[in-house]
Every structure is written in structure tokens, then in C-alpha cells.
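Undergrad: Before anything else, here's the structure in question.
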Amino acid sequence: YGHSTLSLCMMADVYVCTMPAADGILSIDGVAGLALPVGSDQTYTVRFTPLDTVHYMVSTAEVTVTVLPKTITTSGTLTLATHTYDGQTTVTDTWVSQWPELEGLEPNDQVTLTVSGNIESPNVGSRTATLTLSLEGGQAQNYVLSSEATNIETTCLVTQRRIEALVSEDLPTS
């Protein structure tokens, strides 16, 4: 996803192709700007129009391609906010106070991180959190996180919950 094995230069929704034999324009019928979706066994009609039409002719072929998701990474640290004791061990996005940045996204793709996981204990103290990061958003299916960015361990501080008591002088006597 996002790159081709040919030497290409984008010009007005077509690619100018540089090949050893001839320069020209490579287009794929029904695909704007050659942005192929991720998937297996996709069949397209590809057309190469040489710039030098005196020595070379237009060539058309039907091709079947598999486009794999692009592997991306993160930079920076995921930090969990201090969490007030509630008896729960499940970590969600609301626990995150700082997200790492995604690196390797194609321009204008809308992809964000989401987190799931657990802390070792719901009790007060510094707790180890084992987390899994995943992708969501409009183009998330075009990407996968590197293995180093998918599973992480960090810490979370669980603090005491404040309890308020209402005391009344009008208690029944026995």
C-alpha cells in the first residue's frame, strides 16, 4: 500500500513511468491516481502509453495483484493517567494521557490508535499495564502496526478513592 515497484512520478491523476526501455504514462482503468485498495486477487486493466509513440506503442494488459497493508510504527511514549480506584482492571482509551505518534502514514490518510489491555491489580499502588495497540479510522485497513508497536507494557498509578459519609444525629435508638 502506498508504493509501487516501478519508478513513478505523479502528474494529474496518472503516473509518469520511467522504465529501462521507454518513458511513458501508466494508468489503471477505474482507479484514480493508482491508489489500489488492500486485498488479494484484484484484477485490473493496466495501460502503458509511451511518450515516444514513434518507436513504441501503447500496451494494455489485464493483471491480477495482491496489495498488502503497509507496516507502520509509533514514536514517543504511551502514558497512562493516574487512575482512581474503582475495582476495575480493564484499560481503555480514556486512561491514556499521552499517545505515541504514528509514523509511516500516507498523506491525508485518517488513522488513529486505540488501546485495550489490563492492569495487574485494581488495588492502590503503581501497577503494570499490559496493553495492545490497534488502528482505527477511514484507512486503517491499509495498515498494520509493527510487532514492536502492537504490544507494550507500561505503568499506571492507582490512587485511593475518596469516600464521603453522611452522619446524622437522628439515629434510632434501641
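Undergrad: Can you tell me which condition Glu148 does not meet? The list is (1) open to solvent by 90 Å² or more (accessible area, probe 1.4 Å); (2) outside any helix (DSSP H, G or I); (3) touching a residue at least 40 places away in the same chain (Cβ under 8 Å); (4) not β-branched (Val, Ile, Thr), and all the others hold.
TA: Status for Glu148: all satisfied but (2).
Undergrad: Another question, if that's okay. In region 113-145, which residues are at positive phi and assigned to a loop (DSSP other than H, G, I, E, B)?
TA: Gly137
Undergrad: Would you point out the residue of region 28-43, among those that are small (Gly, Ala, Ser), surrounded by 12 or more Cβ atoms within 10 Å (Cβ to Cβ) and at pLDDT below 80, that is farthest from the chain's Cα centre (by Cα)?
TA: Gly33
Undergrad: Oh, and also: With the checklist (1) assigned to a loop (DSSP other than H, G, I, E, B); (2) among the hydrophobic types (A, V, I, L, M, F, W, C); (3) more than 28 Å from Ser146 (Cα to Cα) in hand, flag the one item Leu105 doesn't pass.
TA: (3)
Undergrad: Of the residues Glu120, Glu164, Glu103, Glu153, which is within 30 Å of Gly39 (Cβ to Cβ) and open to solvent by 30 Å² or more (accessible area, probe 1.4 Å)?
TA: Step by step, each of Glu120, Glu164, Glu103, Glu153 is checked, and only Glu103 is within 30 Å of Gly39 (Cβ to Cβ) and open to solvent by 30 Å² or more (accessible area, probe 1.4 Å).
Undergrad: Which one is farthest from Asp41 (Cα to Cα) among residues in region 58-96 that are small (Gly, Ala, Ser) and surrounded by 11 or more Cβ atoms within 10 Å (Cβ to Cβ)?
TA: Taking the candidates together, the pick is Ala81.
Undergrad: Of all residues in region 47-104, which are aromatic (Phe, Trp, Tyr) and touching a residue at least 60 places away in the same chain (Cβ under 8 Å)?
TA: Residues satisfying the conditions are Tyr85, Trp95.
Undergrad: On the given criteria, is Val91 over 24 Å from Thr159 (Cα atoms), modelled with pLDDT of 95 or more, of a type in the set (Val, Ile, Thr) and in contact with a Leu (Cβ under 7 Å, 6 or more places away or on another chain)?
TA: no
The values are calculated or read from the model by the stated rules, or taken from the named source; none is laboratory data. None of these values were measured; they are calculated from a predicted model. Neighbour counts run over all protein chains shown; Cβ positions are idealised from the backbone, glycine included. All accessible areas refer to the heavy atoms of the entire protein, side chains included, with ligands and DNA or RNA removed. Shrake-Rupley method; radii C 1.70, N 1.55, O 1.52, S 1.80 Å.
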